[in-house]
Amino acid sequence: MGKDKLDFFQEQERINEWELMGANQETLSNTEFGYRDMNSRFLNMEKEFYKGNDLAEKINAHEERKKMLESAWHKNTSKQAKAIRKNNKHKNQKKPEFYRDLSLAQIEILMKNSDRGGNSEEYNSVATDLEIYNHILNSTNENEKMTLLNRLKESCTKYLSEKTSPVTTNGKIRKAMVMAISDKVTLELQEIRENTFSNRAETFKEFQEDKSAESVNKALLAHYNMLNLVLTDNLTITDDERLQLDEHMVSILNELKKQPVDENQNNVMATKFFNALGWASNTPRRVDIGALNERGSEFKKSPLKKTLYHTINPLSEDEDAKDMAKQLVGLGGKNDKAPRQYYSNGITGKGTYLAAKSDNEKATDKNTSVHCWRYGKDLGAIQLSLLFNENARIVDELHLRKLVNNKLMKDYPKIYNFFIHSEKYTYGASSKEYFTMLAALFGYNTIKAFNKLNTPDNPSLVDYYVTTDRKALTVSCDVMMRLKGTEKDFLDLREE
C-alpha cells in the first residue's frame, strides 16, 4: 500500500474515532459532522487518493452535503445564536472583543448561524475543526486536544490570510469571529506548552533525588507526554531540548525496568511501561451480549463495526481459563481493585490479541470465531466476544513502521534503541515484540497487524489486532467455554 493511501486511511480512522467520542454523538447544531464534506485538509487528501469518475462522484456528493449541512446549521442554531448575541455586553459583532468572553462552543454556534448563501472553503474548515474540538473536549487527553488545537490554529491562519479586507458587514463579523478563535487557541496552546515543559523539568528533578516507584512513574509520564506531543508534530523543541529528552527518558526507563509487576501479569518491559502510564489499570466496558450485535447500541458506536474474538487456553489440565478471562474483563481483583491487564507475547508487540473478519467478501464472523478457537484447544478454554469502542486509537502496522523510521529512529536514537532491545525475541529476530510500546509513543493503543500472507491470489479472511489499553474495548461477560472436544457452552463471568 502506497504512502498516500496509508495516510488517507489513517486520517479516516482518526476522524471516525473523534466523531464517536463525547457524551452524545450530535454536534452543537444537532447535525451530522461536517468534517468529511467541508474541511479542506481532508478533501485535499481525498483528491490525492481518488481519481477520475470516483473523484467526480465524491466532489458532487460533498457539494450536496455541504448545502444540506449549511442550511441545517443556520436553521438549528437560530435560537441559541439569538440568545448569545442578546446576552453579550459587547455590542459590536464586527470586533474580536465581542467574542472575547464567549466559549469556543458559543462561537461555534455563531459561526454556524452566520449564513451568506454558501460558505467559503476556508470558513468551513475553521467551523469543522472547531466542531470536532468542541465535541471531544471533555472526553480526551491534552495530547489529543493539542492535535486539534493546532489544526484549528492552522485553519484560522489560512482563513485570515485569504480574507484580509472584508467589505460586507457579514464578512467583517466572520473575520472577527475567526480572529477571536485564533487568539483563544493561541493562549490554550501556550498554556499546554508551558505545563508540559514545567512538568517534565519538575518530575525529572524529583526522579534524580528519589528513585522510588512513584517518582519514576511520574517522571516517565511527564516525559512520555512531551515526546508524544513532539512525535505528533504538536510541539516544537530545540535540538538541545531534543537531545536532553532522549537522554533523560532512557535514564527513567532503565529505572522502570527494575520495577516488579503483579503476580498475575507477564514480567516483561511492556507490562512495566503500561503500568507506569496507567493504561494497564483501565478496564473494558462490560455489556450484555445483545449490545454487541449489529443492531446493538455498542456496535453502532464502534469505529471498526466488526465483532472481535479473543480465546484463552488454560495453563494446565487441572484448571480452566476462567480467572484469566476475568482478569481481561476487569473482574476478580483484590481489595475491590480491578486486576491490571495481562500483556501477552506476540510478533507485533505485547498486548491483548484479537481477531476480526477481514474485508474479504468470503469472510464471516462464524469462520473468524472457529479460527480463533485454534488458540484454545484444551478443555476449559474460553472465547470472548468484543468490539472496539470510541476510545480505540488504531494504527495500521505499515503506517506505524513509517512513523518509527521517519521520526523516532532518526531523532531519538537512544529511546529507540532502548525499546528495540527491551524484550526477548521469543518469535525470532524478525518479530517486533516491542512494537506496542512504540505505538503508544505516537498515541496509539491498538495496532492492526500486517499480514504478509495476505495476497490477491490468497486473500486473508481474518485480520489481527493487538491492544494495550482495555479502555478501547467493549466486552461481553457472556463467554463460551470449551467443555468436550468442540462442544461449547455459555458462561457468565459476573455470576462466578
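So LYS82 passes all but one of these: (1) open to solvent by less than 60 Å² (accessible area, probe 1.4 Å); (2) outside any loop (DSSP other than H, G, I, E, B); (3) not acidic (Asp, Glu). Which condition number does it fail?
It fails just one condition, (1).
Hey, could you check the range 467-488 for residues that are of a type in the set (Lys, Arg) and open to solvent by less than 60 Å² (accessible area, probe 1.4 Å) and say which is modelled with the highest pLDDT? Reasoning before the result, please.
From the range 467-488, those of a type in the set (Lys, Arg) are 470-471, 482, 484, 488; that's our starting set.
Remaining after also requiring open to solvent by less than 60 Å² (accessible area, probe 1.4 Å): 470, 482.
On the way: ARG470: 98, ARG482: 89.
Ranking the candidates gives ARG470 first.
May I ask you to say which residue of TYR464, TYR444 is modelled with pLDDT of 90 or more, open to solvent by 20 Å² or more (accessible area, probe 1.4 Å), out of contact with any helix residue (DSSP H, G or I) (no Cβ under 6 Å at 6 or more places or on another chain) and assigned to a strand (DSSP E or B)?
Values: TYR444 fails: assigned to a strand (DSSP E or B).
Just a single option satisfies the conditions, and that option is TYR464.
Only one of (1) at pLDDT below 90; (2) buried (at least 17 other Cβ atoms within 10 Å of the Cβ) fails for GLU26. Which number is that?
(2)
Given the conditions (1) open to solvent by 50 Å² or more (accessible area, probe 1.4 Å); (2) within 15 Å of LEU187 (Cα to Cα); (3) modelled with pLDDT of 95 or more; (4) not hydrophobic (A, V, I, L, M, F, W, C), and given that SER161 satisfies all but one, which numbered condition is not satisfied?
(2)
Considering only the range 247-260, I want to know if a residue exists there that is small (Gly, Ala, Ser), open to solvent by 20 Å² or more (accessible area, probe 1.4 Å) and either within 20 Å of PRO339 (Cα to Cα) or in contact with a Cys (Cβ under 9 Å, 6 or more places away or on another chain) (or both).
Just the residues of the range 247-260 that are small (Gly, Ala, Ser), to begin with: 251.
Remaining after also requiring open to solvent by 20 Å² or more (accessible area, probe 1.4 Å): 251.
Filter once more, keeping what is either within 20 Å of PRO339 (Cα to Cα) or in contact with a Cys (Cβ under 9 Å, 6 or more places away or on another chain) (or both): none.
Within the range 247-260 (the criterion being small (Gly, Ala, Ser), open to solvent by 20 Å² or more (accessible area, probe 1.4 Å) and either within 20 Å of PRO339 (Cα to Cα) or in contact with a Cys (Cβ under 9 Å, 6 or more places away or on another chain) (or both)), the answer is no, since none of the residues qualifies.
Just to check your reading of the model, which residue among LYS258, LYS205 is of a type in the set (D, E, K, R) and either outside any helix (DSSP H, G or I) or in contact (Cβ under 8 Å) with a residue 40 or more places away in the chain (or both)?
Working: LYS205 fails: either outside any helix (DSSP H, G or I) or in contact (Cβ under 8 Å) with a residue 40 or more places away in the chain (or both).
Exactly one of LYS258, LYS205 is of a type in the set (D, E, K, R) and either outside any helix (DSSP H, G or I) or in contact (Cβ under 8 Å) with a residue 40 or more places away in the chain (or both), namely LYS258.
When the residues of the range 430-441 are narrowed to those that are of a type in the set (Ser, Thr, Tyr) and part of a loop (DSSP other than H, G, I, E, B), which ends up surrounded by the fewest Cβ atoms within 10 Å (Cβ to Cβ)?
To start, the set of residues in the range 430-441 that are of a type in the set (Ser, Thr, Tyr) comprises 430-431, 434, 436.
Still in the running and part of a loop (DSSP other than H, G, I, E, B): 430-431, 434.
Working: SER430: 7, SER431: 16, TYR434: 22.
Ranking the qualifying residues of the range 430-441, first place goes to SER430.
Name the residue that is surrounded by the fewest Cβ atoms within 10 Å (Cβ to Cβ), counting only residues in the range 29-65 that are under 18 Å from LEU148 (Cα atoms) and polar (S, T, N, Q).
Pass one, the range 29-65, residues under 18 Å from LEU148 (Cα atoms): 33-45.
Subsequent filtering for residues that are polar (S, T, N, Q) retains 39-40, 44.
Details: ASN39: 24, SER40: 15, ASN44: 11.
Looking at the filtered set, the residue picked out is ASN44.
What are the residues in the range 279-314 that are within 21 Å of the chain's Cα centre (by Cα), of a type outside the set (Ser, Thr, Tyr), more than 21 Å from LYS326 (Cβ to Cβ) and assigned to a loop (DSSP other than H, G, I, E, B), if any?
Hits for the range 279-314 are LYS301, PRO303, LEU304, LYS305, LYS306.
The conditions are (1) in a strand (DSSP E or B); (2) touching a Cys at 6+ places or on another chain (Cβ under 9 Å); (3) open to solvent by 30 Å² or more (accessible area, probe 1.4 Å), and TYR353 fails exactly one of them. Which is it?
TYR353 satisfies every listed condition except (2).
Looking at the range 332-345, which of its residues are farther than 14 Å from PHE274 by Cβ and open to solvent by less than 40 Å² (accessible area, probe 1.4 Å)? Give the steps one after another, and end with the answer.
Step one: of the range 332-345, the residues farther than 14 Å from PHE274 by Cβ are 332-338, 345.
Residue satisfying the conditions is GLY333 alone.
Pick from the range 214-243 the residues that are acidic (Asp, Glu) and part of a helix (DSSP H, G or I): which of them is farthest from the chain's Cα centre (by Cα)? If you could, list the steps in order and put the result at the bottom.
Initially, the range 214-243 is screened for residues acidic (Asp, Glu), giving 214, 233, 239-241.
From the residues that got through so far, the ones that are part of a helix (DSSP H, G or I) too are 214, 239-241.
On the way: GLU214: 27, ASP239: 28, ASP240: 30, GLU241: 27 Å.
Taking the candidates together, the pick is ASP240.
Which condition number in (1) in contact with a Gly (Cβ under 9 Å, 6 or more places away or on another chain); (2) crowded, with 19+ Cβ neighbours inside 10 Å; (3) not basic (Lys, Arg) is the one that TYR427 fails?
For TYR427, the exception is condition (2).
Quick check on my filter: what residues within the range 85-103 are surrounded by fewer than 14 Cβ atoms within 10 Å (Cβ to Cβ) and within 33 Å of the chain's Cα centre (by Cα)?
ARG100, ASP101, SER103
The values are calculated or read from the model by the stated rules, or taken from the named source; none is laboratory data. Just so you know, these numbers come straight off a predicted model, no measurement behind them. Cβ: placed from backbone, ideal geometry, glycine included. Neighbour counts: every protein chain shown. SASA here: full protein model, heavy atoms, side chains in, ligands and nucleic acids out. Shrake-Rupley method; radii C 1.70, N 1.55, O 1.52, S 1.80 Å.
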